[in-house]
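Colleague: This is the structure, below, for whatever I ask next.
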Amino acid sequence: MTSPNDKSQRPADSSGIEEDLRPPSRDEAQAASALDERIERMRAERRAKSARLSSGEARMQVMAAGLRAQRPDADEPDPDFITRLRQRVRDSEEAPEPVSLEERRRSAPSRPKGVSRRVILAGGLGVAAAAAAGVAVGVGVERAANTPQSWPALVPAGRGVWLPVAEVDELAVGQTLRFTANSVVGFVRRTADGYAALSGACTHMGCFLDWNASARTYDCPCHGGRFTEDGASAPSSPVAYRPLPTLQTRVEDGKVWVYVPATSVAPNGGSPTITPYASHGNESRKA
Amino acid sequence: VDDALPVEAESPLDAPTLEMLYERHVHAIYRFIYSKVGNREEAEDLTSQVFLKAARGIDSSRDALSAQGWLFQVARTTIADHWRSIYQLRANSLDDLLDAGLELPADEQTQIDTSATDRRVQRILACLPARYRDVLTYRFLLNYSIKETAAALSISEANVKVIQFRALKKASEIDPDNLDA
């Protein structure tokens, strides 16, 4: 690497802090690149990835945030966010839910099995501005205990529409595809005997999951949550989260269809050009 | 969605409802959090957490002023929990970070004074060597890409990244309390 500065332009400074003109060591160049990746994520207004940082690195991250906040209007909240959160705060006053990690840990095992309760579930939104954790779509879901036998369905029967999300020949067995349909971001996967679909929003705070093809897990970029390909909390997840809600799938006309919420809650969310498929019969396959 | 503003409490000694707290403070809480995380997604995550925690913890015996102080305290602990979680910081590193990043406003009962933060940032920038200041200004205050910054300063993109690293390191080591000398 070349020298980080042109010595002829070396500035005079009165601060007592000298500019370091030495070429970077390999370690420093690597640290500078890693920092820049985190900064570019910030510039894209995306939440930081979970990473082990030293105290110094964390301080630099916070300094960068403080500098960014100096831009005019940079720190003005999105009015849509303010509106959505207002509604969510009102709802939570009626039915308070534990939100902190500690409380989730404490409360999760004690939940009585088989008891249905209404949960606000991040189905995920198709628009970046609405990607906020769990703020997304409040979809009321009847769900039972955290057991594989009673996997929660994201869209109860009769409340959704069928939309095509993939061509049948697009997916080989074991392959996974991410889709956005109405207000849902999810994954459809070809299994040995058909297709299965899952919500793509982490059940912790609603961040969108990434498919990790080598580990065959869905990984959460926010707090490191991991789910197996069939939606259970993975053994390598730092905390056991609720399983990912499933979506019904069916195959027709050479396409894979997924049962998603009937209306798009967010403007521009999903695929408005897709014509809803008439919902009928029981030939749907449960994931 | 009902956007109507709630009825304001008549006196600062009355306990505000959660909706009043929300309408009065959500913007300031969001800006405070944004200035610590620097991106919209995380600012929205954490602002949501603050008010959902507040929904559970609201105390009708708190008057408006102490309710406001409490709300900002919830914001601080929410940010601290979040940092501990995503950066996997040891306790002493977290304390160090909190000392650097989450200083209490001079008067806990007043809103976060953003102009004080502005002045602090200006003072920090002023202490840096010119090249460091330039890179930070282009990258963060003007939101230039690495490529644009390199072009503006006539240096290579690799050099921009190294200078950015060194400049942020120095800037984050400056104790703003010792700048007024």
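Only the coordinates and a few stated rules stand behind these numbers; no lab work does. Here the structure is a predicted model, which is why all the values come from computation and not from measurement. In this analysis, Cβ positions are derived from the backbone assuming ideal geometry, glycine residues included, and neighbour counts consider all displayed protein chains.
Colleague: Can you put B:Asp45, A:Asp27, B:Asp63 in order, fewest other beta carbons within 10 Å first?
Modeller: So the ranking, lowest neighbour count to highest, is A:Asp27, B:Asp63, B:Asp45.
Colleague: What's the exposure ranking of A:Glu57, B:Glu42, going from fewest to most Cβ atoms within 10 Å?
Modeller: Exposure proxy ranking, most exposed first: A:Glu57, B:Glu42.
Colleague: Which order results if B:Ile86, B:Ile33 are arranged by neighbouring Cβ count within 10 Å, fewest first?
Modeller: In order of increasing Cβ crowding within 10 Å: B:Ile86, B:Ile33.
Colleague: Work out the mean other chain Cβ neighbour count within 10 Å for the residues of A:68-81 and drop it here as an integer.
Modeller: Mean shielding by partner chains, rounded to a whole number: 6.
Colleague: Per residue of A:27-35, count partner chain C-beta atoms within 10 Å of its C-beta, then hand back the mean as an integer.
Modeller: For this peptide, the per-residue mean of nearby foreign Cβ atoms is 4.
Colleague: With θ set to phi - 60°, apply the Karplus curve 6.51 cos²θ - 1.76 cosθ + 1.60 along the stretch A:216-233 and write out the HN-Hα couplings as whole Hz, x wherever there is a Gly or Pro.
Modeller: Whole-Hz 3J(HN,Hα) from phi for the stretch A:216-233: 6, 9, 9, 10, 8, x, 7, 10, x, x, 9, 10, 6, 5, 9, x, 6, 4.
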